[in-house]
Amino acid sequence: MAGNRTFTMIKPDAMGAGNAGAILKMIEEAGFRIVAMKVTHLTKERAGQFYEVHKERPFYNDLCEYMSSGAIIAAILEKDNAVADFRTLIGATNPADAAEGTIRKLFATSIEANAVHGSDSDENAAIEGSFYFAKTEQF
Ligand code: GDP
């Protein structure tokens, strides 16, 4: 059975462009409840830990530089079928391929600076949420 929580980050490009409020509005209007949320700023080392699964990819170093280049919002979201529905809401990794009306189509500027993160499985949603929030901070 699909779980009911996912994890998101609003990435430095979207924060810097002042799009955080518009993105959170879309997330809430799509039926997601915010369970935990914080503004934070990753060090390059901590960005590297979050994206460790990509450490062999050619873009890993650039991705860590980019994700530590400015503030982000980290949040846990709740909704039935949360992981799949959130991936639909954000659209494809590359905004050039993202469907009309998706968050990445509206706000992303490149395949790297793509506005938002969304977990790709229930298991990763739990791991990623715990990367930022203690259980006692998740409401
Ligand atoms: P996601 O699940 O849609 O976020 O995509 P991935 O897990 O494949 O990649 C993680 C993140 O790495 C993406 O959201 C982008 O920020 C970045 N990324 C993915 N592919 C590329 C790429 O080909 N080049 C660069 N520079 N960044 C990429």
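In the chain, what % of DSSP beta bridges are antiparallel (nearest 5)?
That works out to approximately 100 percent antiparallel.
State to the nearest 20 debye the size of the charge dipole of region 5-132 about its Cα centre, where the only charges are +1 on K and R beta carbons and -1 on D and E beta carbons.
300
Hey, rough spin-label estimate for Ile111 and His41, points 7 angstrom out along Cα→Cβ, what's it come to in nanometres?
The modelled label-to-label distance comes out at 3.0 nm.
Using only alpha carbon pairs under 8 Å that are at least six residues apart, calculate the relative contact order of the chain and give it in whole percent.
Over the chain, the number comes to 39 percent.
Rounded, prolate or oblate: which one fits region 5-132, using the alpha carbon gyration tensor with axes a ≥ b ≥ c (rounded when a/c is under 1.5, else prolate when a/b beats b/c, else oblate)?
Rounded, since a/c falls under 1.5.
Can you tell me how region 64-125 classifies by the Cα gyration tensor, rounded, prolate or oblate, using a/c under 1.5 as the rounded cut?
Because a/c hits 1.5 or more and a/b fails to exceed b/c, region 64-125 counts as oblate.
Report the extension gain between Tyr60 and Ala84 in nm, rounded to one decimal, defined as 0.36 nm multiplied by the number of residues separating them, less their alpha carbon distance.
Gain on stretching Tyr60 to Ala84: 6.2 nm.
Give, as a single signed number, the net charge of other residues whose beta carbon lies under 14 Å from the beta carbon of Phe32, with Lys and Arg counted +1 and Asp and Glu -1.
0
Considering only DSSP states other than H, G, I, E and B, which trypsin sites (Lys or Arg not before Pro) in region 53-139 qualify as loop sites with at most 16 other Cβ atoms within 10 Å?
Of the trypsin sites (Lys or Arg not before Pro), the ones in loops of region 53-139 whose Cβ has at most 16 other Cβ atoms within 10 Å are Lys55.
Read the figures in this text as sums done on the coordinates, not as results from a lab. Worth saying up front: this structure is predicted, and the values here are computed from it rather than measured. Neighbour counts run over all protein chains shown; Cβ positions are idealised from the backbone, glycine included.
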